[in-house]
Amino acid sequence: MSARLTPPNLQLNEQGKLKHFLTLEGLKQHHLVEILDTAESFINPHNPNDIKKVPLLRGKTIMNLFFEPSTRTRTTFEIAEKRLSADVVNLNISASATKKGESLLDTMWNLEAMQADMFVIRHAESGAAHFFAQHVAPHVHVLNAGDGQHAHPTQAMLDMFTIRKLKGDIYDLKVAIVGDILHSRVARSQIQALSLMEAREIRVIGPKTLIPPFPESLGVHVYHDMETGLDDVDVIIMLRLQNERMQGALLPSEREYFNLYGLTEKRLAYAKPDAIVMHPGPINRGVEIDSAVADGPQSVILQQVTFGIAVRMAVMSIIMSNAAQLAQSQTTDDTEERPA
């Protein structure tokens, strides 16, 4: 098989356009800008909370395969799919054949036989979405809705959309990501997105036990002191502190963590006066963020959720449009090569 037919990036087709959306690693800035611009087109310019309903995926079947719990991500994907007029199937994992011993591949192939056009997959194992993408039929597309500690690309993109929508161009901003950087798929994807969008400065703030080794390789500045790290930043992204981290030796207690790294009104004052506060949710109030900040005027947490619908619509519509364009191109090529 020629190199032209085997693109080096699994999630790109032969034309270098998105076929799957698995990670931000390996993508170019123009891929991200296309998603952001397309998402913008779905938002009512007179009411940012109004997301348009369009017939772009009418007749297409999208299956949501969530192998780990999620309310916010699954619901916004389902709303996005319905706003695109797709047929939506939510697989009940707790009652699925995988609980009875059927392999992931068997499950996938059976679902393909039910005329699936796209899988949206969330799984506790890193690399699960890539595994699906390697084995699906050529006409089927895979979106990663979060896999293990690896990636959560649509969350990163809705964060980038929120930042661009509310703060303008990302390249001139200082952004601080606070919390469990080591285990967070959200943080990993956010750092990749901010780097691709050429943010002026990316800071990570947290205890040494929750910062990955060799963080300089990520292109970030590391701070272990909250006040110093928040000084003069434009955007603060708080990460959810997962309860399982408390059960080991990584952190002493929730109270101690909040005392050192919780975002309070006093600490928020170290950032720029017009800084925005973000959080991927669900929020642990009194652990990583104070209620006065989460519900305060600088919080854009609920706007992130709304914008997430438009961003997920954008990703799905772009992928299906790319597939149609590729099919049309191949049909044209075949016609031109056919002897008279």
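Size descriptors for the range 285-324 (Cα atoms only): Rg and Dmax, in that order, 16.0, 48 Å.
Gain on full extension, evaluated as 0.36 nm per residue between E216 and S126 minus their Cα-Cα distance, stands at 30.1 nm.
Phi angles across the range 261-270 convert, under the Karplus curve 6.51 cos²θ - 1.76 cosθ + 1.60 with θ = phi - 60°, into 3J(HN,Hα) values of 10, x, 8, 10, 4, 5, 6, 4, 5, 6 Hz, Gly and Pro given as x. Between R285 and Q115, the contour length at 0.36 nm per residue exceeds the Cα-Cα span by 56.9 nm. For the chain, what does the helix formula give at 222 nm: sum of -39500 (n - 2.57) over DSSP H segments with n ≥ 4, over the residue count, nearest 500 deg cm²/dmol? Only helices count here, giving -11500 deg cm²/dmol. Rounded to two decimals, what is Rg over Rh for the chain when you use alpha-carbon atoms and the Kirkwood radius? Rg divided by Rh gives 0.99. As an exercise, take the mean of 1/r over every pair of distinct alpha carbons in the range 84-207, invert it, and state the Kirkwood radius in angstroms. The answer is 16.5 Å.
Centre-to-centre separation between the Cα atoms of the range 184-221 and those of the range 133-178: 14 Å. Relative contact order of the chain, taken over Cα pairs closer than 8 Å and 6 or more residues apart, is 19 percent.
So, R0 is 41 Å and r is the distance between the beta-carbons of S329 and Q298; what FRET efficiency does that work out to, to 0.05? The calculated FRET efficiency here is 0.30. Shape analysis of the range 118-176 based on the Cα gyration tensor places the equivalent ellipsoid semi-axes at 29, 13, 8 Å, largest first.
Translational D (Stokes-Einstein, µm²/s) of the range 1-89 at 37 °C and 0.692 mPa s when Rh comes from the Kirkwood sum over C-alpha pairs? Rounded, D is 213 µm²/s.
Dividing the Cα radius of gyration of the range 190-295 by its Kirkwood radius returns 0.94 for Rg/Rh.
Rg/Rh for the range 193-240 stands at 0.93; both radii use Cα atoms, and Rh follows the Kirkwood definition. Charge tally for K167 (other residues, Cβ to Cβ under 9 Å; Lys, Arg +1; Asp, Glu -1): -2. Here the spin labels are modelled as points 7 Å beyond Cα on the Cα-Cβ line, and at L260 and T228 they lie 1.4 nm apart. If the segment from T75 to K208 were pulled out straight at 0.36 nm per residue, it would be longer than the present Cα-Cα gap by 44.4 nm.
Since every read-out is calculated from the coordinates, none of them should be taken as a lab result. The structure presented is a predicted model; accordingly, all values stated were derived computationally and were not measured. Positions of Cβ are backbone-derived with ideal geometry, glycine not excepted, and every protein chain shown enters the neighbour counts.
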